[in-house]
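The values are calculated or read from the model by the stated rules, or taken from the named source; none is laboratory data. All of these numbers come straight from a predicted model, not from anything done at the bench. Because the Cβ atoms are built from the backbone with ideal geometry, glycine has one as well, and the counts that use them run over all protein chains shown. These accessible areas exclude ligands, DNA and RNA; they are computed on the full protein's heavy atoms, side chains included. Shrake-Rupley method; radii C 1.70, N 1.55, O 1.52, S 1.80 Å.
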Amino acid sequence: MTRNLTRTNFNSSQLIRTLTDLALVEAVEPGIAFAEKLSLWVDFADAITLCAAHSAGDSGPWAATAVPRSTASKTALAAFEHARATAVQAITASCSTPAGRTRNPLPAPKPGTPFEDATNYEPYRRFHHTHQREMEGLVRPLRAKVREVLATASPALRQLATLDAALDGILSERESVLLSSLPLLLAKRFEQSLANHQQRLVQAPAADSVDSWMKAGGWLGQFCKELQAVLIAELDMRLQPTLGLLEALTSDTTYA
């Protein structure tokens, strides 16, 4: 597997590092433990749900699966790699110029577009939101599919799959709210990039036109590259729970 199942802490995820590099969020040093952070998102009723899931996943008779470990692992890993590659290809294709045949082309201004329309961020917000919906539609079924594999692997992994399903149900809404703020964060970057471009023109007057913004060195072309980087980093963050399940599957020694 090309990704080697490398797990990272959320605070050191590629998404956080990318947003920090773009000065959209402040760097966060590892502080309170994961359990303490999780407690801020889980209320009393959720805790009862998790406790029930923990007990349910650890109960009942166990019948070993007839599927060899190597076969199940390879199938799950292949599904993960295919899903990620498909999503990355879709993001890369739609962020390219020209976008070619893609369902969600980059909303770069066409030659002759009026300044007011060319500096409107709203099309980029919709572009980002469309990719987020596509990620959600790809990542959630994949995670459920990997849970199914774990549920037939060993008692310990069945319990993990049950707990992951419970956590997914508890945290998914909060995650969606947080991720929905990303297009708004990038709006600040868009506006700052435009302001920097205009400031450079004041300091060193030069010919300027909407047509040149997407060319090499253009402020809008650079912003679109940053947007692509954020989208791929967001995809990998969404995939982290599934990556964790796969890591557990490949390292479990009780699966015969």
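Observations on the model:
- Residues in region 208-256 that are of a type in the set (Gly, Ala, Ser) and over 25 Å from SER96 (Cα atoms): GLY244, ALA248, SER251, ALA256.
- GLU122 vs. criteria acidic (Asp, Glu), modelled with pLDDT of 95 or more and surrounded by fewer than 17 Cβ atoms within 10 Å (Cβ to Cβ): yes
- Residue, surrounded by the fewest Cβ atoms within 10 Å (Cβ to Cβ), within region 201-256, restricted to residues that are basic (Lys, Arg) and part of a helix (DSSP H, G or I): LYS225
- Subset of region 126-180 that is β-branched (Val, Ile, Thr) and open to solvent by 50 Å² or more (accessible area, probe 1.4 Å) - its residue that is nearest to THR75 (Cα to Cα): THR152
- Filtered residues of region 185-200 (kept if under 23 Å from ALA87 (Cα atoms) and buried (at least 18 other Cβ atoms within 10 Å of the Cβ)): LEU186
- First in region 71-87 and farther than 18 Å from HIS131 by Cα, second anywhere and of a type in the set (S, T, N, Q) and open to solvent by 70 Å² or more (accessible area, probe 1.4 Å), Cβ under 8 Å, 6 or more apart: GLU81/THR2
- Unmet requirement for ALA93, which otherwise passes all of (1) open to solvent by less than 30 Å² (accessible area, probe 1.4 Å); (2) at pLDDT 90 or above; (3) in contact with a helix residue (DSSP H, G or I) (Cβ under 9 Å, 6 or more places away or on another chain); (4) part of a helix (DSSP H, G or I): (3)
- Candidates PRO68, PRO114 - the one that is within 28 Å of PRO183 (Cβ to Cβ) and either modelled with pLDDT of 85 or more or of a type outside the set (Phe, Trp, Tyr) (or both): PRO114
- Output for region 195-227, where each listed residue is among the small types (Gly, Ala, Ser) and out of contact with any Gly (no Cβ under 6 Å at 6 or more places or on another chain): ALA195, ALA204, ALA206, ALA207, SER209, ALA216, GLY217, GLY218, GLY221
- Any hit, region 228-251, residues being among the charged types (D, E, K, R), touching a Gly at 6+ places or on another chain (Cβ under 8 Å) and closer than 19 Å to ARG189 by Cα: no
- If you check ARG101, ARG158, ARG147, ARG174 for being modelled with pLDDT of 90 or more and basic (Lys, Arg), only one passes: ARG147.
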